[in-house]
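Worksheet for the structure shown next.
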Amino acid sequence: MTEFSVNDAELEKRFQDRVDDEQKIEPKDWMPEGYRKNLIRQISQHAHSEVIGMQPEGNWISRAPTLRRKMILLAKVQDEGGHGLYLYSAAETLGASREEMVEALHEGRAKYASIFNYPSLTWADIGTIGWLVDGAAIVNQISLQRTSYGPYSRAMIRICKEESFHQRQGYESLIALAHGSAEQKAMAQDALNRWWWPSLMMFGPHDAESAHSGQSMKWKIKRKSNDTLRQDFVDQTVPQADFLGLEIPDPDLKWNEERGHYDFGEIDWEEFQRVISGDGMCNRDRVATHKKAHDDGAWVRDALRAYEAKKANKSEAA
Ligand code: FAQ
(Lines give C-alpha, C1' and ligand atoms only; values in the text may rest on other atoms or scores of the structure.)
Protein backbone atom coordinates (compact mmCIF):
# COMPACT_ATOMS: atom_id res chain seq x y z
CA MET A 1 0.00 0.00 0.00
CA THR A 2 1.44 3.42 -0.89
CA GLU A 3 1.11 6.50 1.34
CA PHE A 4 -1.39 7.95 -1.17
CA SER A 5 -3.96 5.22 -0.78
CA VAL A 6 -4.01 5.31 3.02
CA ASN A 7 -7.45 6.41 4.21
CA ASP A 8 -8.27 8.74 7.10
CA ALA A 9 -9.12 5.92 9.50
CA GLU A 10 -5.72 4.34 8.91
CA LEU A 11 -3.96 7.71 9.27
CA GLU A 12 -5.81 8.32 12.50
CA LYS A 13 -4.82 4.92 13.82
CA ARG A 14 -1.17 5.54 12.99
CA PHE A 15 -1.40 8.95 14.62
CA GLN A 16 -2.90 7.49 17.81
CA ASP A 17 -0.24 4.74 17.85
CA ARG A 18 2.47 7.40 17.74
CA VAL A 19 0.80 9.35 20.54
CA ASP A 20 0.42 6.17 22.63
CA ASP A 21 4.09 5.43 21.99
CA GLU A 22 4.99 8.88 23.48
CA GLN A 23 6.36 10.15 20.15
CA LYS A 24 6.04 13.91 19.68
CA ILE A 25 3.82 15.20 16.87
CA GLU A 26 5.60 17.88 14.82
CA PRO A 27 4.09 20.68 12.64
CA LYS A 28 4.49 18.90 9.29
CA ASP A 29 3.16 15.54 10.52
CA TRP A 30 -0.32 14.38 9.59
CA MET A 31 -2.78 15.09 12.40
CA PRO A 32 -6.57 14.85 12.77
CA GLU A 33 -8.33 18.16 12.16
CA GLY A 34 -9.84 17.99 15.67
CA TYR A 35 -6.36 17.68 17.21
CA ARG A 36 -5.14 20.74 15.31
CA LYS A 37 -8.21 22.80 16.23
CA ASN A 38 -8.20 21.79 19.88
CA LEU A 39 -4.50 22.64 20.17
CA ILE A 40 -4.97 26.04 18.53
CA ARG A 41 -7.78 26.71 21.01
CA GLN A 42 -5.79 25.70 24.06
CA ILE A 43 -2.42 27.18 23.05
CA SER A 44 -3.86 30.51 21.88
CA GLN A 45 -5.90 30.82 25.09
CA HIS A 46 -2.78 30.01 27.05
CA ALA A 47 -0.91 32.75 25.11
CA HIS A 48 -3.71 35.26 25.75
CA SER A 49 -3.55 34.40 29.47
CA GLU A 50 0.15 35.19 29.63
CA VAL A 51 -0.28 38.52 27.88
CA ILE A 52 -3.46 39.62 29.70
CA GLY A 53 -1.76 38.37 32.88
CA MET A 54 0.76 41.20 32.54
CA GLN A 55 -1.93 43.73 33.50
CA PRO A 56 -2.65 43.01 37.20
CA GLU A 57 1.08 43.04 38.00
CA GLY A 58 2.01 45.80 35.55
CA ASN A 59 -0.38 47.93 37.59
CA TRP A 60 2.15 47.85 40.49
CA ILE A 61 5.48 48.41 38.73
CA SER A 62 5.51 52.14 39.45
CA ARG A 63 4.50 51.53 43.08
CA ALA A 64 6.88 48.70 44.07
CA PRO A 65 8.21 49.48 47.57
CA THR A 66 11.95 49.15 46.79
CA LEU A 67 14.23 49.26 43.75
CA ARG A 68 14.94 45.54 44.18
CA ARG A 69 11.24 44.66 44.14
CA LYS A 70 10.70 46.93 41.13
CA MET A 71 13.47 45.22 39.15
CA ILE A 72 12.11 41.76 39.98
CA LEU A 73 8.56 42.75 39.04
CA LEU A 74 9.66 44.37 35.77
CA ALA A 75 11.60 41.22 34.82
CA LYS A 76 8.65 39.01 35.70
CA VAL A 77 6.09 41.00 33.73
CA GLN A 78 8.46 41.07 30.77
CA ASP A 79 8.87 37.27 31.04
CA GLU A 80 5.08 36.84 30.84
CA GLY A 81 5.05 38.79 27.57
CA GLY A 82 7.81 36.49 26.30
CA HIS A 83 5.80 33.41 27.27
CA GLY A 84 2.90 34.78 25.25
CA LEU A 85 5.19 35.14 22.24
CA TYR A 86 6.55 31.54 22.45
CA LEU A 87 2.98 30.31 22.71
CA TYR A 88 1.62 32.39 19.81
CA SER A 89 4.52 31.03 17.74
CA ALA A 90 3.64 27.46 18.75
CA ALA A 91 0.02 28.07 17.67
CA GLU A 92 1.23 29.59 14.38
CA THR A 93 2.97 26.29 13.54
CA LEU A 94 -0.56 24.82 13.38
CA GLY A 95 -1.70 27.33 10.76
CA ALA A 96 -3.32 29.97 12.98
CA SER A 97 -2.31 33.56 12.29
CA ARG A 98 -1.51 36.01 15.07
CA GLU A 99 -4.09 38.45 13.66
CA GLU A 100 -6.87 35.84 13.85
CA MET A 101 -5.94 34.88 17.39
CA VAL A 102 -5.82 38.47 18.64
CA GLU A 103 -9.09 39.26 16.88
CA ALA A 104 -10.75 36.29 18.60
CA LEU A 105 -9.53 37.65 21.95
CA HIS A 106 -10.85 41.13 21.24
CA GLU A 107 -14.21 39.81 20.07
CA GLY A 108 -14.62 37.57 23.12
CA ARG A 109 -14.51 34.37 21.04
CA ALA A 110 -11.29 33.23 22.73
CA LYS A 111 -10.96 32.95 26.47
CA TYR A 112 -8.03 33.62 28.77
CA ALA A 113 -7.46 32.46 32.35
CA SER A 114 -10.28 33.57 34.65
CA ILE A 115 -7.79 34.59 37.36
CA PHE A 116 -6.74 37.72 35.50
CA ASN A 117 -10.20 39.22 35.84
CA TYR A 118 -9.62 39.95 39.53
CA PRO A 119 -8.08 43.27 40.61
CA SER A 120 -4.67 43.63 42.30
CA LEU A 121 -5.60 45.97 45.16
CA THR A 122 -2.54 46.02 47.43
CA TRP A 123 1.19 45.29 47.25
CA ALA A 124 0.53 41.95 48.99
CA ASP A 125 -1.49 40.92 45.93
CA ILE A 126 1.71 40.98 43.88
CA GLY A 127 3.49 38.48 46.15
CA THR A 128 0.31 36.41 46.28
CA ILE A 129 0.00 36.31 42.49
CA GLY A 130 3.57 34.97 42.28
CA TRP A 131 2.98 32.43 45.04
CA LEU A 132 -0.49 31.18 44.08
CA VAL A 133 -1.10 32.09 40.43
CA ASP A 134 2.36 31.19 39.16
CA GLY A 135 2.32 28.24 41.58
CA ALA A 136 -0.92 26.95 40.01
CA ALA A 137 0.35 27.70 36.50
CA ILE A 138 3.50 25.63 37.14
CA VAL A 139 1.60 22.63 38.50
CA ASN A 140 -0.35 22.59 35.23
CA GLN A 141 2.56 23.46 32.96
CA ILE A 142 4.89 20.81 34.37
CA SER A 143 2.37 18.22 33.20
CA LEU A 144 2.15 20.02 29.82
CA GLN A 145 5.91 19.62 29.29
CA ARG A 146 4.92 16.08 28.27
CA THR A 147 2.13 17.21 25.93
CA SER A 148 2.13 15.34 22.62
CA TYR A 149 2.66 18.38 20.36
CA GLY A 150 6.40 19.06 20.05
CA PRO A 151 6.44 22.89 19.78
CA TYR A 152 4.02 23.25 22.74
CA SER A 153 5.99 20.80 24.85
CA ARG A 154 9.30 22.58 24.16
CA ALA A 155 7.77 25.99 24.92
CA MET A 156 6.52 24.59 28.25
CA ILE A 157 9.97 23.37 29.28
CA ARG A 158 11.39 26.84 28.83
CA ILE A 159 8.41 28.60 30.40
CA CYS A 160 8.46 26.37 33.50
CA LYS A 161 12.05 27.39 34.26
CA GLU A 162 11.01 31.04 34.33
CA GLU A 163 7.73 30.40 36.18
CA SER A 164 9.68 28.72 38.93
CA PHE A 165 11.57 31.99 39.53
CA HIS A 166 8.22 33.81 39.44
CA GLN A 167 6.71 31.58 42.09
CA ARG A 168 9.75 31.90 44.36
CA GLN A 169 9.96 35.67 44.15
CA GLY A 170 6.26 35.85 45.10
CA TYR A 171 6.68 33.51 48.04
CA GLU A 172 9.79 35.36 49.20
CA SER A 173 7.87 38.63 49.09
CA LEU A 174 5.08 37.09 51.16
CA ILE A 175 7.56 35.73 53.72
CA ALA A 176 8.71 39.33 54.23
CA LEU A 177 5.12 40.54 54.70
CA ALA A 178 3.87 37.62 56.79
CA HIS A 179 6.85 37.93 59.14
CA GLY A 180 6.71 41.74 59.16
CA SER A 181 4.48 44.13 61.12
CA ALA A 182 0.92 43.22 62.17
CA GLU A 183 -0.38 45.47 59.36
CA GLN A 184 1.80 43.73 56.77
CA LYS A 185 0.69 40.29 57.95
CA ALA A 186 -2.97 41.39 57.80
CA MET A 187 -2.42 42.65 54.25
CA ALA A 188 -0.93 39.25 53.26
CA GLN A 189 -3.90 37.42 54.85
CA ASP A 190 -6.36 39.68 53.04
CA ALA A 191 -4.64 38.96 49.71
CA LEU A 192 -4.74 35.20 50.38
CA ASN A 193 -8.45 35.47 51.24
CA ARG A 194 -9.19 37.10 47.87
CA TRP A 195 -6.89 35.03 45.62
CA TRP A 196 -7.31 31.53 47.04
CA TRP A 197 -10.58 30.51 45.38
CA PRO A 198 -9.85 32.14 42.01
CA SER A 199 -6.52 30.24 42.01
CA LEU A 200 -8.36 26.94 42.42
CA MET A 201 -10.62 27.95 39.51
CA MET A 202 -7.57 28.18 37.22
CA PHE A 203 -7.68 24.39 36.80
CA GLY A 204 -11.06 24.54 35.11
CA PRO A 205 -14.35 22.71 35.78
CA HIS A 206 -14.56 19.33 37.53
CA ASP A 207 -13.45 16.47 35.27
CA ALA A 208 -17.06 15.33 34.85
CA GLU A 209 -18.02 18.80 33.54
CA SER A 210 -14.93 19.33 31.38
CA ALA A 211 -15.94 19.44 27.71
CA HIS A 212 -12.49 18.89 26.22
CA SER A 213 -10.74 16.64 28.74
CA GLY A 214 -11.75 13.22 27.39
CA GLN A 215 -10.41 13.81 23.90
CA SER A 216 -7.47 15.93 25.07
CA MET A 217 -6.30 13.17 27.44
CA LYS A 218 -6.63 10.54 24.70
CA TRP A 219 -4.51 12.65 22.36
CA LYS A 220 -2.17 13.46 25.28
CA ILE A 221 -2.61 17.18 24.73
CA LYS A 222 -3.43 17.17 28.46
CA ARG A 223 -1.53 14.74 30.68
CA LYS A 224 -3.33 15.18 34.00
CA SER A 225 -7.00 15.95 34.63
CA ASN A 226 -8.30 19.28 35.97
CA ASP A 227 -9.23 17.76 39.37
CA THR A 228 -5.92 15.89 39.74
CA LEU A 229 -3.93 19.06 39.06
CA ARG A 230 -6.10 21.06 41.47
CA GLN A 231 -5.51 18.48 44.20
CA ASP A 232 -1.74 18.54 43.52
CA PHE A 233 -1.82 22.32 43.91
CA VAL A 234 -3.77 22.23 47.20
CA ASP A 235 -1.47 19.53 48.64
CA GLN A 236 1.62 21.53 47.75
CA THR A 237 0.30 24.93 48.88
CA VAL A 238 -1.25 24.23 52.29
CA PRO A 239 2.14 23.57 54.00
CA GLN A 240 3.46 26.77 52.39
CA ALA A 241 0.58 28.76 53.93
CA ASP A 242 1.29 27.09 57.29
CA PHE A 243 4.92 28.18 57.09
CA LEU A 244 3.78 31.76 56.47
CA GLY A 245 1.42 31.55 59.45
CA LEU A 246 -1.51 32.45 57.16
CA GLU A 247 -4.89 30.79 57.12
CA ILE A 248 -6.44 29.41 53.94
CA PRO A 249 -10.03 30.73 53.74
CA ASP A 250 -11.71 27.33 53.58
CA PRO A 251 -13.42 25.86 56.69
CA ASP A 252 -13.61 22.45 54.96
CA LEU A 253 -9.87 22.19 54.39
CA LYS A 254 -8.40 19.25 56.32
CA TRP A 255 -5.87 16.46 55.88
CA ASN A 256 -7.47 13.16 54.89
CA GLU A 257 -5.26 10.38 56.25
CA GLU A 258 -7.00 7.70 54.21
CA ARG A 259 -6.66 9.48 50.87
CA GLY A 260 -3.25 10.93 51.65
CA HIS A 261 -4.50 14.32 50.39
CA TYR A 262 -6.17 17.45 51.71
CA ASP A 263 -9.95 17.59 51.44
CA PHE A 264 -11.21 21.03 50.49
CA GLY A 265 -14.48 22.89 50.01
CA GLU A 266 -16.50 23.43 46.85
CA ILE A 267 -15.63 26.18 44.41
CA ASP A 268 -18.31 28.77 43.61
CA TRP A 269 -18.96 27.50 40.08
CA GLU A 270 -21.50 30.23 39.36
CA GLU A 271 -18.79 32.81 39.89
CA PHE A 272 -16.45 30.80 37.65
CA GLN A 273 -19.04 30.66 34.86
CA ARG A 274 -19.73 34.37 35.18
CA VAL A 275 -16.04 35.24 34.94
CA ILE A 276 -15.28 33.00 31.97
CA SER A 277 -18.36 34.36 30.17
CA GLY A 278 -16.93 37.89 30.29
CA ASP A 279 -18.75 39.22 33.35
CA GLY A 280 -16.05 39.23 36.01
CA MET A 281 -14.82 42.29 37.88
CA CYS A 282 -12.16 43.26 35.33
CA ASN A 283 -13.02 41.48 32.05
CA ARG A 284 -14.08 44.58 30.14
CA ASP A 285 -11.16 46.62 31.37
CA ARG A 286 -8.58 43.90 30.59
CA VAL A 287 -9.77 43.47 27.00
CA ALA A 288 -10.14 47.23 26.43
CA THR A 289 -6.57 47.80 27.70
CA HIS A 290 -5.24 45.08 25.41
CA LYS A 291 -7.17 46.46 22.45
CA LYS A 292 -5.87 49.97 23.03
CA ALA A 293 -2.25 48.76 23.30
CA HIS A 294 -2.76 46.74 20.11
CA ASP A 295 -4.25 49.72 18.24
CA ASP A 296 -1.55 52.08 19.53
CA GLY A 297 1.09 49.65 18.24
CA ALA A 298 -0.37 49.44 14.72
CA TRP A 299 2.26 51.85 13.37
CA VAL A 300 5.05 49.49 14.50
CA ARG A 301 3.50 46.58 12.60
CA ASP A 302 2.96 48.81 9.55
CA ALA A 303 6.58 49.96 9.68
CA LEU A 304 7.83 46.37 9.91
CA ARG A 305 5.70 45.35 6.92
CA ALA A 306 6.90 48.34 4.89
CA TYR A 307 10.52 47.47 5.74
CA GLU A 308 10.01 43.80 4.77
CA ALA A 309 8.42 44.88 1.44
CA LYS A 310 11.31 47.27 0.75
CA LYS A 311 13.84 44.52 1.48
CA ALA A 312 11.98 42.07 -0.79
CA ASN A 313 11.87 44.65 -3.63
CA LYS A 314 15.58 45.27 -3.30
CA SER A 315 16.47 41.57 -3.41
CA GLU A 316 14.18 41.09 -6.44
CA ALA A 317 15.84 43.98 -8.27
CA ALA A 318 19.34 42.66 -7.48
N1 FAQ B 1 -10.27 30.33 32.80
O2 FAQ B 1 -13.12 21.45 28.90
P3 FAQ B 1 -12.36 22.34 29.81
C4 FAQ B 1 -0.37 31.80 33.85
C5 FAQ B 1 -12.77 27.08 29.76
S6 FAQ B 1 -0.84 30.83 32.58
C7 FAQ B 1 -10.91 30.58 31.63
O8 FAQ B 1 -11.88 21.75 31.09
P9 FAQ B 1 -9.66 22.50 28.80
C10 FAQ B 1 0.99 32.39 33.87
C11 FAQ B 1 -12.08 26.27 28.67
O12 FAQ B 1 -11.20 27.10 27.92
C13 FAQ B 1 -2.52 30.42 32.95
N14 FAQ B 1 -11.51 29.61 30.92
O15 FAQ B 1 -11.15 23.03 29.00
C16 FAQ B 1 0.97 33.71 34.49
C17 FAQ B 1 -13.27 25.78 27.89
O18 FAQ B 1 -13.80 26.84 27.11
P19 FAQ B 1 -13.72 26.85 25.47
C20 FAQ B 1 -3.15 29.80 31.79
C21 FAQ B 1 -11.43 28.35 31.41
O22 FAQ B 1 -9.02 23.39 27.81
C23 FAQ B 1 1.02 33.86 35.86
C24 FAQ B 1 -14.30 25.52 28.99
O25 FAQ B 1 -13.92 26.34 30.09
N26 FAQ B 1 -2.74 28.43 31.67
O27 FAQ B 1 -1.18 31.97 34.68
C28 FAQ B 1 -10.77 28.03 32.59
O29 FAQ B 1 -9.64 21.03 28.54
C30 FAQ B 1 1.01 35.12 36.45
C31 FAQ B 1 -14.38 24.06 29.40
O32 FAQ B 1 -13.24 23.65 30.15
C33 FAQ B 1 -3.16 27.69 30.65
O34 FAQ B 1 -3.88 28.15 29.81
C35 FAQ B 1 -10.18 29.09 33.31
N36 FAQ B 1 -9.54 28.89 34.46
O37 FAQ B 1 -8.99 22.71 30.25
C38 FAQ B 1 0.91 34.84 33.70
C39 FAQ B 1 -2.65 26.27 30.62
N40 FAQ B 1 -10.87 26.70 32.81
O41 FAQ B 1 -12.26 26.94 25.10
C42 FAQ B 1 0.90 36.10 34.28
C43 FAQ B 1 -3.08 25.56 29.37
C44 FAQ B 1 -11.58 26.21 31.78
O45 FAQ B 1 -14.33 25.55 25.01
C46 FAQ B 1 0.97 36.23 35.67
N47 FAQ B 1 -4.48 25.25 29.38
N48 FAQ B 1 -11.94 27.20 30.96
O49 FAQ B 1 -14.48 28.08 25.08
C50 FAQ B 1 -5.01 24.17 30.01
O51 FAQ B 1 -4.32 23.40 30.65
C52 FAQ B 1 -6.48 23.93 29.84
O53 FAQ B 1 -6.93 24.72 28.76
C54 FAQ B 1 -7.33 24.24 31.11
C55 FAQ B 1 -8.81 24.01 30.78
C56 FAQ B 1 -6.94 23.29 32.25
C57 FAQ B 1 -7.15 25.69 31.57
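The values are calculated or read from the model by the stated rules, or taken from the named source; none is laboratory data. Quick caveat, the model's predicted, so the values are computed rather than measured. We place every Cβ from the backbone using ideal geometry, glycine too, and count neighbours over all the protein chains shown. In case anyone asks, the SASA skips ligands and DNA or RNA and just uses the protein heavy atoms, side chains included. Shrake-Rupley method; radii C 1.70, N 1.55, O 1.52, S 1.80 Å.
Figures for the structure shown
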quantity: Residue list for the stretch 107-117, filter: out of contact with any Gly (no Cβ under 6 Å at 6 or more places or on another chain), open to solvent by 20 Å² or more (accessible area, probe 1.4 Å) and more than 7 Å from the ligand (Cβ to nearest atom); calculated: GLU107, ARG109
quantity: Some residue of the stretch 180-193 being within 14 Å of the ligand (Cβ to nearest atom), within 27 Å of ASP242 (Cβ to Cβ), free of Cβ contacts under 8 Å to residues at least 24 places away in the same chain and among the small types (Gly, Ala, Ser); calculated: no
quantity: Near pairs, Cβ below 8 angstrom, 6+ apart or cross-chain, from the stretch 251-280 (of a type outside the set (Gly, Ala, Ser)) to any residue that is more than 16 Å from the ligand (Cβ to nearest atom) and assigned to a helix (DSSP H, G or I); calculated: LEU253/VAL238; HIS261/ASP235; TYR262/ASP235; TYR262/VAL238
quantity: Failed item in (1) away from the ligand (no atom under 12 Å from the Cβ); (2) assigned to a helix (DSSP H, G or I); (3) open to solvent by 10 Å² or more (accessible area, probe 1.4 Å), with ALA104 passing the rest; calculated: (1)
quantity: Any hit, the stretch 19-31, residues being surrounded by 16 or more Cβ atoms within 10 Å (Cβ to Cβ) and part of a helix (DSSP H, G or I); calculated: yes
quantity: Residue list for the stretch 82-99, filter: away from the ligand (no atom under 15 Å from the Cβ) and surrounded by fewer than 16 Cβ atoms within 10 Å (Cβ to Cβ); calculated: SER89, GLY95, SER97, ARG98, GLU99
quantity: Pick from the stretch 201-236, criterion touching a Phe, Trp or Tyr at 6+ places or on another chain (Cβ under 8 Å) and open to solvent by less than 20 Å² (accessible area, probe 1.4 Å), ranking: farthest from ILE25 (Cα to Cα); calculated: VAL234
quantity: Failed item, numbered, when PHE165 is tested on (1) touching a helix residue (DSSP H, G or I) at 6+ places or on another chain (Cβ under 6 Å); (2) surrounded by fewer than 20 Cβ atoms within 10 Å (Cβ to Cβ); (3) farther than 18 Å from ARG41 by Cα; calculated: (1)
quantity: Check on LYS76, outside any helix (DSSP H, G or I), within 9 Å of the ligand (Cβ to nearest atom) and on the phi < 0 side of the Ramachandran plot; calculated: no
quantity: Single residue of TRP255, TRP269 found to be more than 29 Å from ALA75 (Cβ to Cβ), open to solvent by 30 Å² or more (accessible area, probe 1.4 Å), of a type in the set (Phe, Trp, Tyr) and within 16 Å of the ligand (Cβ to nearest atom); calculated: TRP269
quantity: Filtered residues of the stretch 286-318 (kept if under 22 Å from TYR118 (Cα atoms), without any contact (Cβ under 8 Å) to a residue 60 or more places away in the chain and either part of a loop (DSSP other than H, G, I, E, B) or of a type in the set (D, E, K, R) (or both)); calculated: LYS292
quantity: Number of the condition not met by GLY245 [criteria: (1) out of contact with any Lys or Arg (no Cβ under 9 Å at 6 or more places or on another chain); (2) exposed (fewer than 15 other Cβ atoms within 10 Å of the Cβ)]; calculated: (1)
quantity: Filter result for the condition that a residue is part of a helix (DSSP H, G or I) and in contact with a Phe, Trp or Tyr (Cβ under 9 Å, 6 or more places away or on another chain), over GLN167, GLN189, GLN141; calculated: GLN167
quantity: Condition check for SER120: part of a loop (DSSP other than H, G, I, E, B), among the hydroxyl-bearing types (Ser, Thr, Tyr) and more than 12 Å from the chain's Cα centre (by Cα); calculated: yes
quantity: Sole residue being in a helix (DSSP H, G or I), away from the ligand (no atom under 11 Å from the Cβ) and buried (at least 16 other Cβ atoms within 10 Å of the Cβ), chosen from PRO151, PRO239, PRO198; calculated: PRO151
